[in-house]
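No lab work stands behind these numbers, since they all come straight from the coordinates. The structure presented is a predicted model; accordingly, all values stated were derived computationally and were not measured. In this analysis, Cβ positions are derived from the backbone assuming ideal geometry, glycine residues included, and neighbour counts consider all displayed protein chains.
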Amino acid sequence: MSKEKFGVNTICTHVGEIKDEQFKGAVSPIYLSTSYEFDNVDVKRYPRYFNTPNQTHLSKKIAALEHTETAMIFASGMAAISTMLLAFLKQGDHIVVQNTLYGGTSNFIREEFPKYGIEFTFTNGYEVAHFEDAIQSNTKVIYIETPSNPLLTITNIKNIADLTKSKGLVSMIDNTFASPINQNPADFGIDLIIHSATKYLGGHSDILAGAVAGSHIHMERIWNVAKNLGGSLSDMTVWMLERSMKTLALRVKAQNKNAQKLAEFLDKHSDVANVFYPGLKSHPEHELAKTQMRGFGGMLSFELNDGIDAMTFQKHLKLIKSSMSLAGVESTMLLPSRTSHALLSQNERDQIGISDRLIRFSVGIETFKDLKADIKQAIKTTKS
């Protein structure tokens, strides 16, 4: 049976598994060797070449989920992002970058690209016209993120893909917030899809990894750079990631459901000033999100009213953790101004709408009423 005909839960569970031919175990064996035979073999395997048995097989699962020809696994999301960008940009080239995206990516571009002589332009918004206006004669890449981190803005994926194709450019997207369960950018024409696999693909706050998915032609170019930069992932962690991805669809769908309910609750709360979640009808890109997402995700952001300190509120949470990162089975909150976007200047954060009151909420799989009760008591305690 072709993997294209499998349902998403079957892909998560079975595609890319290694069959244990020796002992008939139910799960993939782990191949921890860093040294493999080189003579009379079809593939010369080496961990830094991203082609050990565990690396190769899990890449098939990621590619199947993202509807691409192939994929690669990296040691972190930033290893994946930096390698991918450097594979397609050289001295004198230019990239157009969405202004609302992960702070680590923005910081990498601003700090490292000048050293390489790579030019860049951050857009003034996330409409297709903003990207088109930023294109120059030496532009090679357009990079987007939707939903964006942390404001959950929605960019029209098909419009960006069509624009890049019309200009002969390469399109890249950070699909971490959506996950392949909620959104498949390749179906709309995007060339390369990036994931911080630390987040939803791992899902248990115990794995650091990254992934890129795309065509054989594009991924070959990435591999040629990746083997020199050395950002490969240990096979023990690859195995843990495969194990985690078996429940990916189940986890994400539960998080979607919780996030929708919590966004609606917060949107009606008298002590909440703003809620940012594409599943809300009040979200400015709600209708667009419906056309390119199957679910609205487990991430949302909100701002409490003036006079309610965001950090004090988080300290009063009893169930929801005030913690870094996102997308684990446990619910967490943080202040982007102090974490994911702390490397940006105050002026840069102000320009993209990230206030010191903004709270990013990664919704887990706990019972909704328990999460709701925790938020209510934390707000009440903070105000008293």
Inset, instruction - Would you pull out the residues with amide H under 5 Å of Thr155's amide H, same chain only if 5 or more places away, H placed 1.01 Å from N? - result: none
Legend entry - Debye log10 I(q)/I(0) at q = 0.09, 0.13 Å⁻¹ for the chain, Cα point scatterers: -0.52, -1.07
Inset, instruction - Can you list which of the trypsin sites (Lys or Arg not before Pro) found in segment 6-70 are DSSP loop residues with at most 12 other C-beta atoms within 10 Å? - result: Lys19, Lys24, Lys44
Inset, instruction - Please give the contour-minus-distance gain from Lys158 to Tyr116: 0.36 nm per residue of separation, less the Cα-Cα distance, rounded to one decimal in nm. - result: 12.1 nm
Legend entry - Dipole magnitude of the chain, debye to nearest 20 (Cβ charges: Lys/Arg +1, Asp/Glu -1, about Cα centre): 900 debye
Legend entry - Reduced Cα scattering model of segment 248-383, Debye log10 I(q)/I(0), q = 0.13, 0.15 Å⁻¹: -0.53, -0.72
Inset, instruction - Sort Tyr143, Tyr116 so that the residue with the fewest other Cβ atoms within 10 Å of its own Cβ comes first and the one with the most comes last. - result: Tyr116, Tyr143
Inset, instruction - Among DSSP beta bridges lying fully in segment 248-383, give the percent that are antiparallel, nearest 5. - result: 85 percent
Inset, instruction - Round to the nearest 0.05 the FRET efficiency obtained for Ser384 and Asn40 when R0 = 56 Å and r is the Cβ-Cβ distance. - result: 0.15
Inset, instruction - Past 26 Å, Cα to Cα, is the threshold; run Lys318/Lys383; Lys60/Lys261; Lys290/Lys376; Lys261/Lys383; Lys5/Lys44 against it and keep the listed order. - result: Lys60/Lys261; Lys290/Lys376; Lys5/Lys44
Legend entry - Estimated vicinal HN-Hα couplings, Hz - segment 184-196 in sequence order (Karplus 6.51, -1.76, 1.60; Gly, Pro = x): 10, x, 4, 5, 9, x, 6, 6, 10, 10, 10, 9, 7
Inset, instruction - Could you size up the charge dipole of segment 242-384 around its Cα centre, putting +1 on the beta carbon of Lys and Arg and -1 on that of Asp and Glu, and report it in debye to the nearest 20? - result: 620 debye
Inset, instruction - Pick out, from Ile11, Ile118, Thr100, the residue whose Cα sits farthest towards the positive end of the charge dipole of segment 3-245, with +1 on the Cβ of Lys and Arg and -1 on the Cβ of Asp and Glu. - result: Ile11
Legend entry - Cα→Cβ-extended label distance, 7 Å offset, between Ile217 and Phe108, nm: 2.4 nm
Inset, instruction - Describe numerically, in nm with one decimal, the distance between label points set 7 Å from Cα along Cα→Cβ at Lys165 and at Lys5. - result: 2.7 nm
Legend entry - Among Leu326, Phe302, Leu371 - extreme Cα towards positive end, dipole of segment 285-384, charges at beta-carbon: Leu371
Inset, instruction - Would you please give the FRET efficiency between Lys24 and Arg294, computed as 1/(1 + (r/R0)^6) with r the Cβ-Cβ distance and R0 = 41 Å, to the nearest 0.05? - result: 0.70
Legend entry - Positive dipole terminus of the chain, leading residue within Gly203, Asn175, Val225 (C-beta point charges): Gly203
Inset, instruction - Rounded to the nearest Å, what's the spacing between the alpha carbon centres of segment 239-284 and segment 93-134? Just the number, please. - result: 28 Å
Inset, instruction - Among His94, His269, His316, determine the one that fluctuates most according to a GNM of the chain built with springs between C-alpha atoms less than 10 Å apart. - result: His269
Inset, instruction - Could you check what % of the DSSP bridge pairs in the chain are antiparallel, to the nearest 5? - result: 55 percent
Inset, instruction - Please build a GNM for the chain, connecting alpha carbons under 10 Å apart, and tell me which residue among Ser282, Ser148, Ser76 fluctuates the most. - result: Ser282
